[in-house]
1. What are the ³J(HN,Hα) values, in whole Hz, obtained from phi via the Karplus relation 6.51 cos²θ - 1.76 cosθ + 1.60 with θ = phi - 60°, for each residue of the range 176-193 in sequence order, with x given for Gly and Pro?
2. Work through the residues other than Arg197 whose Cβ is under 12 Å from its Cβ and net out their charges, Lys, Arg +1 and Asp, Glu -1.
3. List every residue whose amide H lies under 5 Å from the amide H of Gly189, counting only residues 5 or more places away in sequence or on a different chain, with H placed 1.01 Å from N in the peptide plane.
4. Could you go through the range 383-392 in sequence order and give the Karplus-derived ³J(HN,Hα) for each residue, using 6.51 cos²θ - 1.76 cosθ + 1.60 with θ = phi - 60°, rounded to whole Hz, and x for Gly and Pro?
5. Pulled fully out, how much extra length does the chain show between His257 and Asp220, if you take 0.36 nm times their separation in residues and subtract their Cα-Cα distance?
6. Carbon and sulfur: what percent of the range 362-419's accessible surface (1.4 Å probe)?
7. Using the beta-carbon distance between Glu128 and Asp516 and R0 = 35 Å, what value does 1/(1 + (r/R0)^6) give for FRET efficiency, to the nearest 0.05?
8. With every protein chain left in place, what is the accessible area per residue of the range 416-539 in square angstrom, probe 1.4 Å?
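The values are calculated or read from the model by the stated rules, or taken from the named source; none is laboratory data. Keep in mind that this is a model prediction, so the values were computed, not measured. Every residue, glycine as well, gets a Cβ built from its backbone with ideal geometry; the counts of neighbours run over all protein chains shown. Surface areas here come from the heavy atoms of the whole protein model, side chains and all, with no ligands, DNA or RNA. Shrake-Rupley method; radii C 1.70, N 1.55, O 1.52, S 1.80 Å.
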Amino acid sequence: MLERAHSPFLSEPSMTTRPERRTFAIISHPDAGKTTLTEKLLLTGGAIHLAGEVKARGAARRARSDWMAIEQQRGISVTSSVMTFERDGVTFNLLDTPGHEDFSEDTYRTLTAVDSAIMVIDAARGIEAQTRKLFEVCRLRSVPIITFVNKVDREGRTPFELMDEIADALALDVTPMSWPVGMGGEFEGLYDLARDRLVQSTSNARGETSFTTMQAAGLDDPALAGALSARGRAHLEEEAALAVASYAPFDLAAYRHGDLTPVYFGSALRDFGVPELIEAIAAYAPPPRVQPAEPQPVDPDDATVTGFIFKVQANMNPQHRDRIAFMRLCSGKFTRGMKLTPTGHGKPIAVHSPIMFMAQARELADEAYPGDIIGIPNHGTLRVGDSLSGGAPVTFSGLPNFAPEILRRVALVDPTKSKQLRKALDDMAEEGVTQVFHPAIGSNMIVGVVGQLQLDVLIARLAAEYKVDARFEPSPWDTARWISAGDEADLKAFAALHRGAMAADRDGAPVFMAKDLWDLNYVASKNEAIRFSATRERR
């Protein structure tokens with residue numbers, strides 16, 4: 001029998017003392033199955049009754065996290081959706097991030113609002129480029145990660161190959177928490193190493209799937225012979241025993257510190273491994289954490305209500321032309337109607353209609369606690385990066401703008417719609433979808449984005465939400481940097497000398513636009529008194 005000294009669950013915390021909030025994101029490379037897993041987590045958590053639907057106030061409503069038209073057409077996520085659900089006394093706040101690398105800024109900002117993450121890996125592809133980038137963002141913020149190896153019911157790489165790649169590519173200890181009985185066409189089920197359970201599925205004539213769970217005395221339990229083929233049983237006993245003996249035992253402190261990732265295998269499409277994943281988030285993922293801020297870090301146990309805006313989304317409901325600011329509550333107990341002061345303008349605002357989300361479905365939030373995500377309807381009052389406080393001013397850090405990699409001029413097909421275009425670009429700049437620069441010379445606004453797909457989304461939204469027909473034209477500039485100097489006179493002299501390449505962002509901060517990186521480096525080398533920055537902290 002397998003030695004229980006190797007059990008990955010020896011460090012399992014008491015389920016009776018766990019905090020009640022778990023705020024987490026799902027990160028992955030495109031097509032790894034992130035959106036499918038999101039829906040199945042909601043389904044398993046009881047938030048929806050059928051994948052893609054939610055029952056709210058007696059009416060069935062759409063609950064797909066990919067609600068924007070272009071997302072549904074292309075089958076990708078390009079915005080971050082927030083979904084809240086409860087299960088077994090725990091409130092889960094799930095943030096579904098964009099998988100496409102062109103929307104890495106939105107993903108980065110979303111990761112500032114979570115306490116943990118699930119990393120989804122395709123069993124056939126392993127660690128991919130975007131997965132690695134998002135993992136590095138999590139590492140920078142010490143966000144602990146649970147790994148879910150998806151699509152084990154399809155042909156793919158061996159579990160050992162995948163475990164070793166995660167350990168080597170990401171420099172992490174790995175702990176197997178479940179193990180597939182066969183892969184692809186030989187897949188027979190999952191063995192839950194935590195509780196010594198075999199999970200299998202059966203389908204009836206109508207195509208309905210049901211799951212059976214068999215409790216075992218260990219990997220060498222003779223009773224497994226009645227549920228598995230001889231080949232499947234032999235592979236399970238040999239492989240799983242070797243895996244548990246070879247990899248690090250689960251350590252809660254190491255996981256929460258970001259040094260170890262527990263690994264779960266499964267198939268989101270077939271619901272394998274999803275219940276175990278929810279149980280793991282509830283049992284191991286950290287409660288709301290201390291948030292970096294000035295003048296001092298904010299502890300979730302502080303009585304003063306504080307939070308920060310990590311996302312603004314316009315037109316979630318096109319019929320009402322709404323504008324929602326997503327706030328991560330960091331401390332205190334929030335109650336509907338209380339006044340909070342944002343750093344943006346310093347005037348208190350009364351939050352009368354805070355909302356919680358189930359994708360597009362929403363309901364009024366009478367109260368909220370640290371870790372919760374609430375939506376605040378507003379008309380341009382709140383912006384990404386704003387900090388809010390019910391007491392002394394506080395500024396949360398770590399929500400920067402990033403220098404764009406693509407700059408384009410905006411041209412209207414109908415010149416009479418210039419006001420609508422300016423309003424639309426301002427709205428989307430507030431959301432963080434794009435950056436807008438106003439050149440010192442010329443009237444054409446410059447749009448800056450990270451990737452080409454952002455331009456496609458921008459054009460689609462201009463047409464669908466603002467009825468503005470626009471196109472993008474080449475810009476003489478290739479990249480941009482925010483500039484500053486210790487001496488204001490040096491900054492003014494530089495701006496005057498390079499007036500043709502100067503612009504201002506939507507806050508009026510000075511920006512130098514370069515033809516290419518060589519031009520940027522050359523100008524920087526000739527102007528040592530000027531600081532050129534690829535990021536600008538949002539205040």
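1. So the Karplus estimates, Gly and Pro as x, are x, 9, 9, 8, x, 8, x, 10, x, x, 9, 5, 10, x, 10, 9, 7, 5 Hz.
2. Computed value for this residue: -4.
3. HN-HN under 5 Å from Gly189: Val181.
4. Values per residue, Gly and Pro as x: 10, 4, x, 5, 9, 10, 8, x, x, 5 Hz.
5. Using 0.36 nm per residue and subtracting the Cα-Cα distance, I get 9.9 nm.
6. 50 percent
7. Once the sixth-power term is evaluated, E becomes 0.75.
8. 49 Å²
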